[in-house]
Amino acid sequence: MATVTCALALSAAVPVWPSQAAPQPATPAERLRQALLRVEPSERVVRVVVDTNGRIRVAGVVLTYDPRQRDPVPALQTRTWRLAAVAFATLADLTEFHVTAFHHAGGWFDGNRWDVTFTAAVSARELRAAADGSADRVLRSWAHPALRVWPAAQRMAALDVYARSLAPITYESQPTFVGRAVERIVELRDRLISMFRGGPSDGKIFRGAPNRTAIALTFDDGPVPVYTTLLLDTLRSLNVRSTFFLIGTRVLQYPYLARAIADDGHEVANHTHTHPTLTQLPPAVLRTEIAQAQRAITAATGRTPRYFRPPGGQYNTAVVREASRQGLATVLWSDAPGDHTAPAPAELADRITRSARNGGIVLLHQGIPQTIQALPAVASELRRRGFSLLTVTDVVSEEEAS
């Protein structure tokens, strides 16, 4: 990650009081926020994020808007182009700019809030092409269908129902089987078989082929603005192909990011539609959660997932059987370095490489800066030790990947 260091040579005999200290330069995020506030009401700019992987810089802004206006989608698209122009003028090295908009002005805006109703992305190249007329002014964007056609009253009701349907995210840590004592004994047997022999065991995969000096880095819970783009650029620079377990709702909200994952040659997989605790759902809802995500991912990426991972790593016999009925193998993992706790990048890299084994399936997450920062060291060390970094399909296969 790019850092800025400021060093001052001071005489030990002359103390420097706080009032004498040079003012710290504004961060890129603060500079961008101040620039955006000159063209956007302050109460509408909820959050500004700017980050880099050392190669590219990506910015994102979270906005609110009034969905009762006559034509909210064209207004939001125009607003996006205007804000993108400000962003690229403010940060000369900016590569891409993302907009995420909520129809509610209040609430806690973080990664746990999913009631997004408009998103968009603009790259520096796209902005230049649109400005000089060398390409059509086409915006990569998504809007909730209710914004396009319904009258204001019906629109608000539909958006509120949509917001209430989305559950807060829970990060995966360790696979947890929920069931009766006899079921847990059978499950322990299956897990040990999969860990020892590798590959599927009664519809579940915890580890790839133990005779393959290969590891699968898998990324859950995306796509997400800013960090999916940074992650993809990092993996591209390292020549690493991975498996992404995608949430259907987020695929709908950020279809251009889901498509970018597939276009970069990564494997896409199913992580349910709204990321609920599956073991608490009735059979019909469980079936819908998997099926809706499957449809969303296939439509956005043009690739049909082969694998499924239960949210939070919580599953039971019904979950595995339903995934199998829909043609999906349930993939858990052999190693969980805990990147969701945001350890220092060096510590995270050490956790991943220290536990590396043939056929390993490593659980990681999108949206975590430390994970992106750790990847160059991870790739370098694992390759030094002879490991290839491949998709789940490649790692599960006992044949060498072409």
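Under 9 Å between Cβ atoms, which residue pairs at least 6 apart in sequence (or on different chains) link something in the range 213-240 that is without any contact (Cβ under 8 Å) to a residue 24 or more places away in the chain and open to solvent by 20 Å² or more (accessible area, probe 1.4 Å) with a partner that is of a type in the set (A, V, I, L, M) and in a strand (DSSP E or B)?
Partner pairs satisfying both residue conditions: Asn239/Leu389.
Within the range 252-273, is even one residue surrounded by 22 or more Cβ atoms within 10 Å (Cβ to Cβ), under 16 Å from the mean Cα position of the chain (by Cα) and charged (D, E, K, R)?
Yes, some residue in the range 252-273 is surrounded by 22 or more Cβ atoms within 10 Å (Cβ to Cβ), under 16 Å from the mean Cα position of the chain (by Cα) and charged (D, E, K, R).
Name every residue in the range 373-386 that is crowded, with 24+ Cβ neighbours inside 10 Å and within 22 Å of Leu257 (Cβ to Cβ), in order of residue number.
Ala374, Leu375 - these are the residues of the range 373-386 that are crowded, with 24+ Cβ neighbours inside 10 Å and within 22 Å of Leu257 (Cβ to Cβ).
Name the single residue that is surrounded by the fewest Cβ atoms within 10 Å (Cβ to Cβ) among those in the range 274-312 being among the basic types (Lys, Arg) and within 19 Å of Ile205 (Cα to Cα).
Ranking the qualifying residues of the range 274-312, first place goes to Arg306.
Residues to consider are Val45, Val49; find the one that is modelled with pLDDT under 95, open to solvent by less than 60 Å² (accessible area, probe 1.4 Å) and under 30 Å from the mean Cα position of the chain (by Cα).
Val45
Where residues in the range 67-107 are outside any helix (DSSP H, G or I) and of a type in the set (A, V, I, L, M), which of them is most open to solvent (accessible area, probe 1.4 Å)?
Ala92
With the requirement that a residue be without any contact (Cβ under 8 Å) to a residue 24 or more places away in the chain and open to solvent by less than 70 Å² (accessible area, probe 1.4 Å), what does the range 147-176 give you?
Result: Ala157, Ala158, Asp160.
How many residues are in contact (Cβ under 8 Å) with a residue 40 or more places away in the chain and open to solvent by 60 Å² or more (accessible area, probe 1.4 Å) when one looks only at the range 177-190?
Total satisfying the criteria: 1.
Sort out which residues of the range 378-397 are in a loop (DSSP other than H, G, I, E, B) and within 17 Å of Arg351 (Cβ to Cβ), and write them in order of number.
Arg385, Phe387 - these are the residues of the range 378-397 that are in a loop (DSSP other than H, G, I, E, B) and within 17 Å of Arg351 (Cβ to Cβ).
In the range 114-136, how many residues are at pLDDT below 80 and surrounded by fewer than 18 Cβ atoms within 10 Å (Cβ to Cβ)? Spell out how you get there, then give the answer.
Step one: filter the range 114-136 for residues at pLDDT below 80, giving 114, 132-136.
Those still in the list that are surrounded by fewer than 18 Cβ atoms within 10 Å (Cβ to Cβ) too: 132-136.
Selection size over the range 114-136: 5.
Take the conditions over 20 Å from Gln253 (Cβ atoms), out of contact with any Lys or Arg (no Cβ under 8 Å at 6 or more places or on another chain) and modelled with pLDDT under 85 and apply them to Gly54. Does it pass?
So Gly54 does not fit the description; no.
Which residue is nearest to the chain's Cα centre (by Cα), if the candidates are limited to the range 187-245 and must be on the phi > 0 side of the Ramachandran plot and of a type in the set (D, E, K, R)?
Applying the filter and picking the extreme gives Asp221.
The values are calculated or read from the model by the stated rules, or taken from the named source; none is laboratory data. A quick note: this is a predicted structure, and the numbers were derived from the prediction, not measured. We place every Cβ from the backbone using ideal geometry, glycine too, and count neighbours over all the protein chains shown. Quick note on the areas: whole protein, heavy atoms, side chains included, nothing else; ligands and nucleic acids left out. Shrake-Rupley method; radii C 1.70, N 1.55, O 1.52, S 1.80 Å.
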